[in-house]
Amino acid sequence: MGGSPMSSGQPRVFVTRRIPDAGLALLRDAASVDLFDSGMPPDRDELLARVAGVDGLLCLLTDRVDDELLDAAGPSLRVVSNLAVGYDNIDLAACARRGIPVGNTPGVLTEATADLAFALLLAVARRLPESERFVREDRWVTWDPLLLLGREVSGQTLGIIGFGRIGREVARRARGFGMRVLYHSRSRAPEPVETELGATMVDLDTLLGTCDVVSVHVNLTPETRHLIDARALATMRPGSILINTSRGPVVDQAALADALRSGHLFGAGLDVTDPEPMRADDPLLALPNCLVLPHVASATDTTRARMAEKAARNVLAGLRGEPLPDAVPLPAV
Ligand code: DGY
């Protein structure tokens, strides 16, 4: 995969996957780029070998960046840039101990991700996957007043857990669909934001127990792992819908399967799973009321190009010893 890095006076950057040209072109203007030219991630041994002696690393959410990798890279490494807004694949403390800044790609994927969360909401509420299969399986024989009845969206209450950029954009879309919006977050949004989006902050159990649809938009941290567990699912309203476009481990999938199987939940829409990829024999995929997508919320041509550019600009700033345009806050060490 790819070639060995050029020997030039330029800093060396390892890019762990094929990424949009917009990002590569920026990097190649200023650095010697070693590209892992594949649609698959490098295996661990390859990754550890290829980072040895590099000055910059542009990695993906599928690459684990930890002490082992940073040791393999060695003291030349000056910047780690993740091609994602989430960074749960990176051991921030390990980077902080070595004084290595970490970059991510916030802002540019907000709309695309909010669109996809809303697409999941509509698809699950209106049973689009089942309806589409119905036609393909040639089972459509007449217009039937009782056929494939879904849930009304307008007039329902949407609960948003995590009210950052993406959560707020989901609220904006919900408002356009005539939904009432509640949210739960660590901190309260400024009053003008609440007013503009018509959103009211409530505690988690109130949100779970009140809302017809719950959409999750938190980072994955030790505190949010299995935030949506059996207890949280039991607290959700009977007949409600769960949407997750954040990270798979935020939801306890075994408990979710139970809640869907029993009919306690009307349906679920997941863009993220635990683990990824989800295999076709996963119990969730046997359930007609569960829609699973392969982590594609940011997958538009425009958004991915912008993510690649942002990730490249973080690398370049790190190589120059400048503050990263999008730096992840590192823990104190
Ligand atoms: C992210 O950026 O964290 C998404 O999960 C992928 O775009």
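Which of the following residues is over 30 Å from Leu316 (Cβ atoms), at pLDDT 95 or above and not polar (S, T, N, Q): Leu147, Leu58? Sole residue among the options that is over 30 Å from Leu316 (Cβ atoms), at pLDDT 95 or above and not polar (S, T, N, Q): Leu147.
Of the residues screened, Leu265 is not one that is assigned by TED's automatic domain parsing to the domain that holds Ser131, within 16 Å of the ligand (Cβ to nearest atom), within 19 Å of Leu122 (Cβ to Cβ) and touching a Ser or Thr at 6+ places or on another chain (Cβ under 9 Å). Identification of helices (runs of 4 or more DSSP H) wholly contained in the range 55-128 with 3 or more residues that are away from the ligand (no atom under 13 Å from the Cβ) and surrounded by 23 or more Cβ atoms within 10 Å (Cβ to Cβ) yields 110-125.
This table checks each residue for (1) in the same structural domain as Pro277 (by TED's automatic domain parsing); (2) farther than 29 Å from Thr224 by Cα.
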| site | (1), (2) |
| --- | --- |
| Leu24 | no, yes |
| Leu47 | no, no |
| Leu57 | no, no |
| Ile90 | no, no |
| Ala96 | no, no |
| Ala114 | yes, no |
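Residues that are crowded, with 23+ Cβ neighbours inside 10 Å and either of a type in the set (Gly, Ala, Ser) or in a helix (DSSP H, G or I) (or both) were ranked within the range 266-297; the one that is farthest from the chain's Cα centre (by Cα) is Gly267.
Filtering the range 195-241 to residues that are of a type in the set (D, E, K, R) and touching a residue at least 40 places away in the same chain (Cβ under 8 Å) leaves only Asp212.
The values are calculated or read from the model by the stated rules, or taken from the named source; none is laboratory data. Just so it is clear, the model here is predicted, and its values are computed rather than measured. Note: ideal-geometry Cβ built from the backbone for every residue, glycine included; neighbour counts use all protein chains shown.
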